[in-house]
Amino acid sequence: MSWDLPTAAAPDGGAGSGTVLDGNAAAGEFAGILAGDPTTVTVRCGSCGVAQAFGQLQAYMGGPGTVLRCRECEAMVARVARTPQGVWLDMSGSSSWLFLPAPGRA
Amino acid sequence: MTDTNTTEGPAGSSVKATPPARNHWRKATLIGVRSQSQHSRTLVLRVPGWTGHLPGQHVDLRLTAEDGYSAQRSYSLAEPATPGRVAVTVDLLPHGEVSPYLVEIMQIGDELDVRGPIGGWFVWEPGDPSIGDGPVLLIAGGSGVVPLVTMLRARKRAGDSTPTTLVYSLRGPRDLMYGPELEEMSADLSAPGSAEVRLVYTRKVPDGHPRPASHLAAGDIRPSSSWPEPSAARVYVCGPSGFVDHATRLLREAGYPDDRIRTERFGPTGVDR
C-alpha cells in the first residue's frame, strides 16, 4: 500500500481528501485500542448483518476521525476519533466482533 | 500476533512487558534511498528497537511540521524482516500532502516517526499451513506491487518452493517498479525462489511485449501451466480501490470463493492501473 491525500493547495482544492481506503489502512488507529491485531477480526454489520474481515471494511480517513463502513451496505460500523479530551471509540453500528486466535502463533 | 508483549531475557529471566509495538511511535532516521520508477523510491530507515515483521504488513509514517501540524500515511513494508531496519516504497501523488516530501525532498539523516508493524490479515508468511503447497496468485495494481514483492523476497529468502505467479498491472514502462528484480526472478522458473511474472500494461506497451495494452482480463489470472492445481489456494490483491474491485470480480467469475481472496485497497486512482 502506498497512499497519500492531496493538499488544500492542489488544483482541485484537495477534493480527493475523502479517499476511501480499507480496514488495513485504518488498523494503526485501532491497534492501540483493541488488544489484538484488528485486521483479522470478523466484524458483523449492525445494519445489514453481513460479516466481513476488518481489513475489508471501507475506511474513510483524513478527517478528524477514522470511520469504517460496511462494504455491502455502506452503513457506519465503527469510528475512532482522537481529541484533546481523549480517544473516542464508537462501535454502535456493529453487532459483533469475532477475535479468532491467530493460527500457529502465541 | 506479530509481536510479543513479554520476552525472555538472556538468562531466561522475564523482562518487563513492553507497550504494544504496533501503536507506539518510534523515531526513524533515513539511511538509504533507491529509485524504483520515475515516480517512486524506496526509503530505508533505521528504527532502533524494530524487531521484525511479516511480509504484507505495513507501517504508518508520521511527519510533524514545526508548528505542530502532523500528517500520517500508511506504506507497505518493502523488505523482509531485518532487525532495526524498515524499508518502504513510496509512490508520488502529485499535489499530495506527504508523498512529494518522501519521494523528492527527504534526505539522508532526516527523521520521521514510524508505527508498526500493522496488520496480520494481508500477510503471507512462507509455510502458512492454510496455504499448504499452494499455488499462490499475487495480483498487483500499480504500487500495490510493493507488499507482493516483499512476499516474493521473503519466499526466496526462506527457500520456499510454493508455486507462485505475480500478475502486475501497470500503465506503461515508466511505471514499472522492481523491473530488473522481477526479470531476474522470472528468467528461469526451475531456479529456487523463482516466480512466474505476467506484466499487464494498460496503456502503453514496451517494444516486443507480447500482450497488447488493455485492462486486466480473465486470461491474465488464468492458472499457470506450472501449477499442480487448476486454481490458487490463496490470492492476494493489492491496488487502488477500483482495481481491487475489478480483480475481485474476475476472480469470482473464475470460481474463486471469497475466503481464498485477501485484498488491500488504497488511493484515489481508478481501475487503469
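How many percent of DSSP beta bridges within the protein assembly as shown run antiparallel, rounded to 5?
DSSP beta bridges in the protein assembly as shown are roughly 70 percent antiparallel.
Cα gyration tensor of region B:136-266, axes a ≥ b ≥ c as square roots of the eigenvalues: rounded (a/c below 1.5), prolate (a/b > b/c) or oblate?
rounded
So how far apart, in nm, are the two label points at residue B:174 and residue A:96 if each is 7 Å from Cα heading toward Cβ?
For the pair residue B:174/residue A:96, the computed spacing is 5.3 nm.
When the chain is fully extended, how far beyond the present Cα-Cα distance does residue B:35 get from residue B:229, taking 0.36 nm per residue of separation?
Here the answer is 66.1 nm.
What's the ranking of B:233-243, B:75-85 by average number of surrounding C-beta atoms within 10 Å, highest first?
Averaged packing, sorted descending, gives the order B:233-243, B:75-85.
Mind running the shape call on the protein assembly as shown? Use the C-alpha gyration tensor, a ≥ b ≥ c as the square roots of the eigenvalues: rounded below 1.5 for a/c, prolate if a/b tops b/c, oblate otherwise.
Because its axes are fairly even, with a/c under 1.5, the protein assembly as shown counts as rounded.
Work out the mean other chain Cβ neighbour count within 10 Å for the residues of A:28-36 and drop it here as an integer.
The mean count of partner-chain Cβ atoms within 10 Å per residue comes to 6.
Over all residues in A:49-62, what is the mean tally of Cβ atoms on other chains that come within 10 Å of each residue's Cβ?
The per-residue average across the peptide is 3.
Throughout, read-outs are computed from the coordinates displayed, never taken from laboratory work. Note that the structure is predicted; figures quoted are calculated from it, not measured. Note: ideal-geometry Cβ built from the backbone for every residue, glycine included; neighbour counts use all protein chains shown.
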